[in-house]
1. Specify the residue that is surrounded by the most Cβ atoms within 10 Å (Cβ to Cβ); the eligible residues are those in region 257-302 that are assigned to a loop (DSSP other than H, G, I, E, B) and in contact with a strand residue (DSSP E or B) (Cβ under 7 Å, 6 or more places away or on another chain).
2. Can you say whether residue 99 is open to solvent by less than 60 Å² (accessible area, probe 1.4 Å) and at pLDDT below 85, as far as the supplied structure shows?
3. Within region 128-146, count every residue that is open to solvent by 20 Å² or more (accessible area, probe 1.4 Å) and closer than 29 Å to residue 251 by Cβ.
4. If you check residue 245 against the conditions, is it closer than 30 Å to residue 173 by Cα, at pLDDT 95 or above and surrounded by fewer than 22 Cβ atoms within 10 Å (Cβ to Cβ)?
5. Could you pull out the residue among 314, 318, 338 that is farther than 17 Å from residue 245 by Cβ, at pLDDT 90 or above and within 23 Å of the chain's Cα centre (by Cα)?
6. Could you run through region 156-169 and say how many residues are of a type in the set (A, V, I, L, M, F, W, C), assigned to a helix (DSSP H, G or I) and surrounded by 15 or more Cβ atoms within 10 Å (Cβ to Cβ)?
7. Only one of 307, 353 is open to solvent by 30 Å² or more (accessible area, probe 1.4 Å), of a type in the set (Ser, Thr, Tyr), modelled with pLDDT under 90 and more than 21 Å from residue 259 (Cβ to Cβ). Can you tell me which?
8. Pairs please, first residue from region 9-31 and open to solvent by less than 10 Å² (accessible area, probe 1.4 Å), second anywhere and in a loop (DSSP other than H, G, I, E, B) and among the hydroxyl-bearing types (Ser, Thr, Tyr), Cβ atoms under 7 Å, 6+ apart in sequence or on different chains.
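The values are calculated or read from the model by the stated rules, or taken from the named source; none is laboratory data. Keep in mind it's a predicted model, so treat the numbers as computed, not measured. In this analysis, Cβ positions are derived from the backbone assuming ideal geometry, glycine residues included, and neighbour counts consider all displayed protein chains. Side chains included, ligands, DNA and RNA excluded: accessible areas come from the protein's heavy atoms. Shrake-Rupley method; radii C 1.70, N 1.55, O 1.52, S 1.80 Å.
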Amino acid sequence: MNSIPVVVLAGFLGSGKTTVLNHLLGNRGGTRIGVVVNDFGSIEVDAMSVAGQVGDSMVSLGGGCLCCAVDGSELDAYLEKLADPVHRIDVIVIEASGLAEPQELVRMLVASENPAVRYGGMVQIVDAAEFDATRARHPETDRHLAVADLVVLNKTDRVDAAERARIEGALGRLCAPGIPVVGADHGRIDPELLFDRRPWTETRGQLSFEDLLAQAHDHDGDHAGHAHTAYESTEFVSEQALSPRRFIDFLDRRPAGLYRIKGYAYFGVPGHDERYEVQAVGRFLGFAPQPWGRGEPRLTQLVLIGSGTDGPALLRELEGCREAEPWRAGPESMWGVLRYVHRPAAPERERGSGDPDIDPAPGADFEADLDPDFDPDPDAGADPGAEAESDPGFGY
């Protein structure tokens, strides 16, 4: 079963999270989006503003911060509801309260025991016009930016070029190294930066709201101001397996302008012959091993989306990741990949043996995503490849 990515939209009150969410909903093509709206206070204004666009796929938590839940069980219940196959949801977006602690929310998602969902990255929305005032009112802004996978600098139409450059420079210092910053006005960002869009032809005719949106887009011939015009897409296909170590090195060094990577990688390492789904949003990186379809050719197929990137240079680097004799590689060559494979948290009764060879460090994958200096010592714990090979539920 393929898991559903869960993307978190975070940002302080007034930054434009609901505007961004509504833009994603209005430009999703045939993609089915499940929405969790977490308003602060008893009047759920944000929930009402998106309710007409997602119907029964929206759940609203209300009553304050989602991250205040002690064990995250309420969130798990809502995610389980949205992940029910009857809804055929492709992606879930959580609009966090403007007063939420996004790091705690992300930890809940990473620790979720639901194999039907996986963490898909945290996007921090920043108000360009109120950047300094927001940092003064909310000193925790710097901490939130430090754990973001992608930053959307919203309301850029309200600042001049010099001010925007100053803010982008400050964001470069506040964010982890290499975190991409996407400029936007009125919340208009390309949904492809966060999730895959299905073509309209797959769902047109099923919902009248989608039909109306499709007609509106079909009659809008002016694409000059659309967000996607600022991005370039580079595609890479290889019949030859990739070296997992060289591929991870490439991903670790990817330029800040490379906003998204999606597709499948084939490594061909003994014991790891699956195809590995690759999803990167900003600096967030995740792999998900999946079985090949019957008769499906063993290929690496990747799409790289960015702005100001050098497509030919990216292709040359990826070509340098090819491996002529993958069968000679040992299982340790996969450790760099496996650290980014999400594993649902084990139930409490299965934890706590105290033996590091039995109990891998909890949250290791999450620490690797949040801490750029995190460097696990493979000699200090169990061989991650052993669990992958022995546990049929490993990955999705």
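1. In this case the residue turns out to be 282.
2. no
3. 3
4. yes
5. Just a single option satisfies the conditions, and that option is 314.
6. Total meeting the criteria: 1.
7. 353
8. 30/203
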